[in-house]
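The values are calculated or read from the model by the stated rules, or taken from the named source; none is laboratory data. From a predicted model like this one, the values you see are computed outputs, not experimental measurements. Glycine gets a Cβ as well: all are built from the backbone with ideal geometry, and neighbour counts include every protein chain shown.
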Amino acid sequence: MSILVYVENTDGKFKKSAFEVVSYAKAIADHIHTDLTAISIGQVAADELAKLGNYGATKVLDVNNEQLSTFVNQAYASIIAEAAQHAGASLVVLSNSFSGKGLAPRIATKLRAGLADGALTVPTIEGEKLSVKKTAFSNKAFATLELTSSNKVIALAPNAYEVKEIGGQATVEAFTATIAPTDLSTIVKEIVRATDKVSLPEAEIVVSAGRGLKGPENWGMIEELADVLGAATACSKPVSDAGWRPHAEHVGQTGIVVSPNLYIAVGISGAIQHLAGVSSSKTIVVINKDPEAPFFKVADYGIVGDAFDIVPKLTQALKAYKGL
Ligand SMILES: Cc1cc2nc3c(=O)[nH]c(=O)nc-3n(C[C@H](O)[C@H](O)[C@H](O)COP(=O)(O)OP(=O)(O)OC[C@H]3O[C@@H](n4cnc5c(N)ncnc54)[C@H](O)[C@@H]3O)c2cc1C
């Protein structure tokens, strides 16, 4: 079994999730004693591509195409499936990121492959069978998926696997895939960023606030805390429903699912629908004036008190610690 790993880039730069998937795929490749081939689509400099060797890729297939420098779901899926066949790969690994969620089932369909999306662990391998753990029922349970098909696709949950640098450079090979006109029937012409702040789905630290903040005029202290920490801001659903914050910040079952290293929840009760989107965070800190708030049950650290008192003090302490 040979492995192909798809590495995402934004404006020619690799995201952390790219290094995660290469490290993860390398762990599988080592287990089955095979080489790892990566594929990159868009316009990434050759020296950046070669650096994927530092995470375990031996070779990088470079689809350097200006038309494809922004994500095009159908076209990317066709290219990755064709590259898998070209590389003789029976396992395709990618990130279960926003674009990965659209790509993985399409690639699986094209390769007639079994799919494990949102994988949390390196698979256990018994002959042709791969078993992978993932969360189920909005993070309330774990499921183990067994892939027994000859082709397989695994989409790794962001932040689930540690980036491992091993040194080395990959060889870079130009790859031209056949793209059907229908693959390009919908293309992204331009991306205008709404903010230059840290992107929520990829943030390592998230400062999130709920209805306990009383109104939109009080979000300054949340943004200041987020700025000091280099964090993204988020909110509970009623907050975005009320128009206090943009919908893009709403996390939970019906919003964005995040898994940062640190999630700070301020004035959020911890309803199950909210927890569904945040409970895979590595460390959860809860600030709430009600000691019975359900969020404390899943918190690693809890502060019982008034957010209007605690948040500014926390920000000041962090500024002093960082010498700001
Ligand atoms: C189908 C469905 C889907 C849903 N999807 C989502 C979802 O995706 N995401 C989501 O968030 N919700 C979702 N909800 C709503 C969810 O059930 C809760 O109603 C919501 O999460 C509550 O938001 P909140 O914690 O901000 O507000 P509240 O429940 O009103 O809690 C406010 C909290 O702030 C605390 N507080 C008040 N004042 C202060 C203060 N001065 N200092 C510190 N703490 C204070 C209170 O003690 C309380 O715990 C969904 C609901 C349904 C039915």
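Just to verify a result, which residue in region 264-295, among those that are more than 8 Å from the ligand (Cβ to nearest atom), within 25 Å of Ala157 (Cβ to Cβ) and in a loop (DSSP other than H, G, I, E, B), is modelled with the lowest pLDDT?
Ser280
This table checks each residue for (1) out of contact with any helix residue (DSSP H, G or I) (no Cβ under 9 Å at 6 or more places or on another chain); (2) under 30 Å from Lys322 (Cβ atoms).
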{"position": "Ser185", "(1), (2)": "no, no"}
{"position": "Val188", "(1), (2)": "yes, no"}
{"position": "Ser199", "(1), (2)": "yes, yes"}
{"position": "Ser208", "(1), (2)": "no, yes"}
{"position": "Leu229", "(1), (2)": "no, yes"}
{"position": "Lys237", "(1), (2)": "no, no"}
{"position": "Arg245", "(1), (2)": "no, yes"}
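Of these, Thr315, Thr233, which one is away from the ligand (no atom under 12 Å from the Cβ), in a helix (DSSP H, G or I) and in contact (Cβ under 8 Å) with a residue 24 or more places away in the chain?
Checking each option against the conditions leaves just Thr315.
Out of region 67-93, which residues are within 25 Å of Glu190 (Cβ to Cβ) and among the aliphatic types (A, V, I, L, M)?
Correct list: Leu68, Val72, Ala75, Ala77, Ile79, Ile80.
If you take the residues of region 220-230 that are more than 20 Å from the chain's Cα centre (by Cα) and buried (at least 20 other Cβ atoms within 10 Å of the Cβ), which of them is nearest to the ligand (Cβ to nearest atom)?
So, considering only residues that are more than 20 Å from the chain's Cα centre (by Cα) and buried (at least 20 other Cβ atoms within 10 Å of the Cβ), the one nearest to the ligand (Cβ to nearest atom) is Ile222.
How about region 236-263: which of its residues are in a helix (DSSP H, G or I) and out of contact with any Cys (no Cβ under 7 Å at 6 or more places or on another chain)?
Lys237, Pro238, Val239, Ser240, Asp241, His247, Ala248
Check every one of the strands (runs of 3 or more DSSP E) wholly within region 55-121 and list those with 3 or more residues that are closer than 27 Å to Ser259 by Cα.
89-95, 114-119
Tally time: how many residues in region 196-219 are surrounded by 11 or more Cβ atoms within 10 Å (Cβ to Cβ) and either of a type outside the set (Gly, Ala, Ser) or in a helix (DSSP H, G or I) (or both)?
The number of residues fulfilling the criteria is 16.
Can you find, within region 231-249, the residue that is farthest from Tyr263 (Cα to Cα) among those that are surrounded by fewer than 16 Cβ atoms within 10 Å (Cβ to Cβ) and of a type outside the set (Gly, Ala, Ser)?
Asp241
Which pairs have Cβ atoms under 7 Å, sit 6 or more apart or on different chains, and link a residue in region 201-218 that is charged (D, E, K, R) to one that is modelled with pLDDT of 95 or more and within 14 Å of the ligand (Cβ to nearest atom)?
Hits for this filter: Arg211/Ser236; Arg211/Pro238; Arg211/Val239; Arg211/Gly267.
Residue check: is Asn65 under 21 Å from Ala157 (Cβ atoms) and at pLDDT below 95?
no
Let me spell it out: the conditions are (1) modelled with pLDDT of 95 or more; (2) under 30 Å from Ala136 (Cα atoms); (3) away from the ligand (no atom under 14 Å from the Cβ), and Ser259 meets all of them except one. Which number is the exception?
That leaves (1) as the condition not met.
Tally time: how many residues in region 101-118 are within 19 Å of the chain's Cα centre (by Cα) and crowded, with 22+ Cβ neighbours inside 10 Å?
Within region 101-118, residues that are within 19 Å of the chain's Cα centre (by Cα) and crowded, with 22+ Cβ neighbours inside 10 Å number 5.
Farther than 26 Å from Ala57 by Cβ, surrounded by fewer than 14 Cβ atoms within 10 Å (Cβ to Cβ) and among the polar types (S, T, N, Q) - does that describe any residue in region 164-185?
yes
Which residues, taken from region 121-163, are among the aliphatic types (A, V, I, L, M) and buried (at least 18 other Cβ atoms within 10 Å of the Cβ)?
Val122, Leu130, Val132, Leu145, Leu147, Val153, Ile154, Ala155, Leu156, Ala157, Ala160
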